[in-house]
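The values are calculated or read from the model by the stated rules, or taken from the named source; none is laboratory data. Since the model is a prediction, treat every value here as computed from it, not as a measurement. Here the Cβ positions follow ideal geometry from the backbone for every residue, glycine too, while neighbour counts run over all protein chains shown.
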Amino acid sequence: MKAPLSWLAEFVDLKGLSPEDIAQGLTLRSVETSVEVWEQSVDGVVFGKVLKVENHPQKQELKVCKVDVGDVVQVVTRDQEIKEGDGVLVALPGARVGDRVISKRDFSGVVSEGMLLSAQELGLEDSSQGVLVIEEKFSPGTPAKDVLGFGEYVLEVEITPNRGDLLSILGLAREISALFDLPLKEPQDKTFEDFGSVEVRIEDPDCKRYRAVLIEGVQVKPSPLWLRRRLWQCGIRSINNVVDITNYVMLERGQPLHAFDWEKIEGPVVIRRAKKGEKINTLMGVEKELSEENLVIADSEKILALGGVVGGLESGVREHTKSILLEGAYFEPFRIRRSARSLGVQTESSYRFERNVDIQSLKKHQDRAVGLILQLTGGEVRAVKDIYPKPYEPKRIFLSFGKFKRYAGEELDPEGGLKVLQKLGFDVRVQNCGFEVLVPAFRSFDVQGDADIVEELLRVKGYDNLRAERLLVPSKPKVKDKLEREIKNFLKARGFFEVLNFSFEGKRLYETLGLKSPTLEIINPLVKEERFLRTSLVPSLINSYLRNRRKFIQQIALFEVGKVFFEEGEGRRLGILSNMHTLQEFRSLVSDLLHSMEVLHTSQGSKFSFLHPNLQVSLWVEGEEIGFLGLLNPLLERELDLKEKVLIAELDLDRLKPKRAQYMPFSNYPPVVRDITLVMDKGLPVDKLIMHIRKLEEVEDLKVVSVWTDERVLGEGKKSVSFRLFLRSLKGSLSDEEANQLVFGLVEDLKKEFGVSLR
């Protein structure tokens, strides 16, 4: 949000404060703020008075003007609305407008000695029609910089979503008043009570208040320069005096308003939900089809406006409008957010309604606009209707002085704290042991409990002014956090990059992969197609892989630690993807990861349709399946346009059961090495044998030396596996006879358990 310092100075005395001081104070204790100077390059542009207007002798679309700029110059323009007596800004020869340097120019025999400028050409608006006409009196030849007021300081404020109360000049002035201990000049506006007859009906509970003011006899015309200047400084385009006043008050007070052409309204004004298929042609000239998500303002025949978002073109205020109905309302923030996003529309009004406006001060702020309309258009109030069925009841929060000390680590000065809270707009009642704080409507969105009151007191004081205290509370990391950190460090050390994906996805990739489609649906998704909570990390990782490949990244190794969601609950998963490893390397990597966490696992064959039918395994721990790994199915590689072989794994972190390291004495006796070769069924996982062999106390380590298959020698469906055993005892050196007995006993045990034979 942009806030001119001269506008802020109408509500709080800024003398003695530099723009930089104000910006720094806001940044450190409230919201991020920077300073800019409002100006455009207008050297060689001056104020002029149109003395005479004639038609071009040869070109009907041109006008020839005599303009007094200190001297009388002749200027040719295409603006057909220009007339004698208009004040204009003239770019004289040598002036630079945009990327053009103005010079004398011949228009079919008529020489133009300059150029009459529009607001767009002056850099004031993104688009505009016709020459900028200035009704205020200036001496001919006055530099444009002085006419437009260039050179003023403007604050650029980054408002956080919880501080909608700062989306106005008054709200920002209140904040500055508290931060710098300055008096706030509360505005005193004339108010208008209910009278006359305007029929309004609220049919939707998401409209908590609606106030309509009927004003007749208005004269719609361009706004005075002071009003347009304020809008330009804030980045708002000038339309006409009525619309500009609604925007001006929105910027000044934070209350969005809308003006309807009263003669275009048929029957009562009704606030209701849109019916499916209804349409509105917006003020931007874009037709939108509505749904039941949208809150609308309608009459008996048509939709007048999309409530809290944008008005309709048909009922908008134009030059011929004589009577207006001025709307002020409070809509539930979540309803406006859904409505605006469902149509892909965001306006200054919806931006404020989404962040909560001051329902209690609606009348006061709307009447500020009414006063300006009467002043600048000459109209007269004919009726006022205010529907406010459930007036705002302020939330009461009690903050004890003891709790403040526990939060802040220091005592609260009651007098100073009272002053700060009152300057911020809170109503405070001092009690013996604390404050009873009544939360104003404009802070009801973010102040919910005593911790929020403590935050207000501390940030105004300045966190850098708090006394440092050593924390005495011992901190111990959670087991699951430690596990995730170890996993991330392990994979990062091996060249993998961590990715963070959204937890919501579409169904298409699940169907392509043959995975069960997710069923948990988000009510208000960011993208309609991606509205389901994921049940696997595999689709997310494949999408991340495809995005990287589209950016011509060749070698990709990714992992993600994230949540998956099911109807019975949620869980944590680890997903790993690589196109840089062979299957054996990838399998060893996953095994090493599990071993690093002291997780003893086995593997078995699996049948996931998205993996290669012969190059995939499932991983098991203590009889529970904890995940899988394998090569993506070649059919998918073609369907997804994958450029190379892709390996993928997923582990259920909730089922991992890391063993706590236990102390074991180191043997001082030498090891004995024995090799054994066993013949077994091809389908028997070697991991099962390894787990069984490791149970023998004297087996310090073992390695798989080779795996060999030859049906002519071994028989059909058989394989030969050679193991190297490292035997060591804590009691003494193992003799050859003792070692042989251990091995023979182990082989007999394996024969009984797995049906293997010694080769």
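Just one of the listed residues (559, 565, 628, 610) is modelled with pLDDT of 90 or more, aromatic (Phe, Trp, Tyr) and surrounded by fewer than 18 Cβ atoms within 10 Å (Cβ to Cβ), and it is 565.
Looking across 75, 88, one residue alone is within 25 Å of residue 232 (Cα to Cα), surrounded by 15 or more Cβ atoms within 10 Å (Cβ to Cβ) and either touching a His at 6+ places or on another chain (Cβ under 9 Å) or not acidic (Asp, Glu) (or both). It is 88. Would you be able to say whether some residue in the range 512-523 is closer than 23 Å to residue 645 by Cβ, in contact (Cβ under 8 Å) with a residue 40 or more places away in the chain and in contact with a His (Cβ under 9 Å, 6 or more places away or on another chain)? Within the range 512-523, none of the residues are closer than 23 Å to residue 645 by Cβ, in contact (Cβ under 8 Å) with a residue 40 or more places away in the chain and in contact with a His (Cβ under 9 Å, 6 or more places away or on another chain).
Condition check: closer than 27 Å to residue 666 by Cβ and of a type outside the set (S, T, N, Q). Does residue 736 satisfy that? Steps first, answer last, please.
On the way: closer than 27 Å to residue 666 by Cβ: yes; of a type outside the set (S, T, N, Q): yes.
Spelling it out, residue 736 is indeed closer than 27 Å to residue 666 by Cβ and of a type outside the set (S, T, N, Q).
One line per residue, one yes/no per condition, for (1) farther than 30 Å from residue 189 by Cβ; (2) buried (at least 17 other Cβ atoms within 10 Å of the Cβ); (3) more than 45 Å from the chain's Cα centre (by Cα); (4) at pLDDT 95 or above:
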site: 1; (1), (2), (3), (4): no, yes, no, no
site: 12; (1), (2), (3), (4): no, yes, no, yes
site: 24; (1), (2), (3), (4): yes, no, no, yes
site: 27; (1), (2), (3), (4): yes, no, no, yes
site: 39; (1), (2), (3), (4): yes, no, no, no
site: 42; (1), (2), (3), (4): yes, yes, no, no
site: 48; (1), (2), (3), (4): yes, yes, yes, yes
site: 59; (1), (2), (3), (4): yes, no, yes, no
site: 80; (1), (2), (3), (4): yes, no, yes, no
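It is to be established whether one or more residues within the range 709-717 are more than 60 Å from the chain's Cα centre (by Cα), over 30 Å from residue 550 (Cβ atoms) and surrounded by 14 or more Cβ atoms within 10 Å (Cβ to Cβ). The answer is yes; a qualifying residue exists. Scanning the range 140-163 for residues that are of a type outside the set (A, V, I, L, M), more than 30 Å from residue 68 (Cα to Cα) and outside any loop (DSSP other than H, G, I, E, B) turns up 153, 156, 158. Scan the range 278-295 and tell me whether some residue there is within 23 Å of residue 380 (Cβ to Cβ) and assigned by TED's automatic domain parsing to the domain that holds residue 356. Looking for residues that are within 23 Å of residue 380 (Cβ to Cβ) and assigned by TED's automatic domain parsing to the domain that holds residue 356, one finds none in the range 278-295, hence no. Considering the range 398-426, and only residues there that are part of a loop (DSSP other than H, G, I, E, B) and not acidic (Asp, Glu), the residue that is surrounded by the most Cβ atoms within 10 Å (Cβ to Cβ) turns out to be 412. Within the range 95-110, the residues that satisfy the criterion of being under 21 Å from residue 120 (Cβ atoms) and either in contact with an Asp or Glu (Cβ under 8 Å, 6 or more places away or on another chain) or in a loop (DSSP other than H, G, I, E, B) (or both) are 95, 96, 97, 98, 99, 102, 103. Would you please name the residue that is nearest to residue 92 (Cα to Cα), looking only at residues in the range 23-61 that are part of a loop (DSSP other than H, G, I, E, B) and of a type in the set (A, V, I, L, M)? Here the residue is 42.
Please verify whether residue 527 is modelled with pLDDT of 90 or more and more than 19 Å from residue 566 (Cβ to Cβ), treating the condition exactly as stated. Here the answer is no, as residue 527 does not meet what is asked. The number of residues in the range 660-689 that are within 27 Å of residue 573 (Cα to Cα), among the basic types (Lys, Arg) and in the same structural domain as residue 721 (by TED's automatic domain parsing) comes to 1.
Contact map, the range 711-726: first residue among the polar types (S, T, N, Q), second residue surrounded by 11 or more Cβ atoms within 10 Å (Cβ to Cβ) and assigned to a loop (DSSP other than H, G, I, E, B), Cβ cut-off under 9 Å, separation 6 or more or different chains; pairs are 720/709; 720/759; 722/759. Scanning the range 683-707 for residues that are under 18 Å from residue 742 (Cβ atoms) and among the hydrophobic types (A, V, I, L, M, F, W, C) gives 689, 690, 691, 693, 696, 699, 702. Just to be sure, is residue 78 in the same structural domain as residue 58 (by TED's automatic domain parsing), under 19 Å from residue 50 (Cβ atoms) and of a type in the set (D, E, K, R)? Spelling it out, residue 78 is indeed in the same structural domain as residue 58 (by TED's automatic domain parsing), under 19 Å from residue 50 (Cβ atoms) and of a type in the set (D, E, K, R). Taking the numbered list (1) assigned to a loop (DSSP other than H, G, I, E, B); (2) more than 22 Å from residue 387 (Cα to Cα); (3) polar (S, T, N, Q) in turn, residue 339 passes all entries but (1). The residue that is nearest to the chain's Cα centre (by Cα), counting only those in the range 239-285 that are more than 30 Å from residue 120 (Cβ to Cβ), at pLDDT 95 or above and assigned to a strand (DSSP E or B), is 273.
Identify all residues within the range 571-585 that are surrounded by fewer than 20 Cβ atoms within 10 Å (Cβ to Cβ) and within 18 Å of residue 657 (Cα to Cα); write none if there are none. Of everything in the range 571-585, those that are surrounded by fewer than 20 Cβ atoms within 10 Å (Cβ to Cβ) and within 18 Å of residue 657 (Cα to Cα) turn out to be 571, 572. Restricted to the range 544-644, the set of strands (runs of 3 or more DSSP E) holding at least 2 residues that are within 25 Å of residue 505 (Cα to Cα) comprises 557-566, 569-578, 611-621, 624-632. I need the full set of residues from the range 290-324 which are surrounded by fewer than 24 Cβ atoms within 10 Å (Cβ to Cβ), more than 20 Å from residue 243 (Cα to Cα) and within 30 Å of the chain's Cα centre (by Cα), in order please. Correct list: 290, 291, 292, 293. If we scan the range 374-397, do we find a residue that is over 26 Å from residue 268 (Cβ atoms), at pLDDT 95 or above and assigned to a strand (DSSP E or B)? Checked against the condition, which is being over 26 Å from residue 268 (Cβ atoms), at pLDDT 95 or above and assigned to a strand (DSSP E or B), the range 374-397 yields at least one hit. If the condition is being in a strand (DSSP E or B) and within 53 Å of the chain's Cα centre (by Cα), then the range 62-73 contributes 63, 64, 65, 67, 68.
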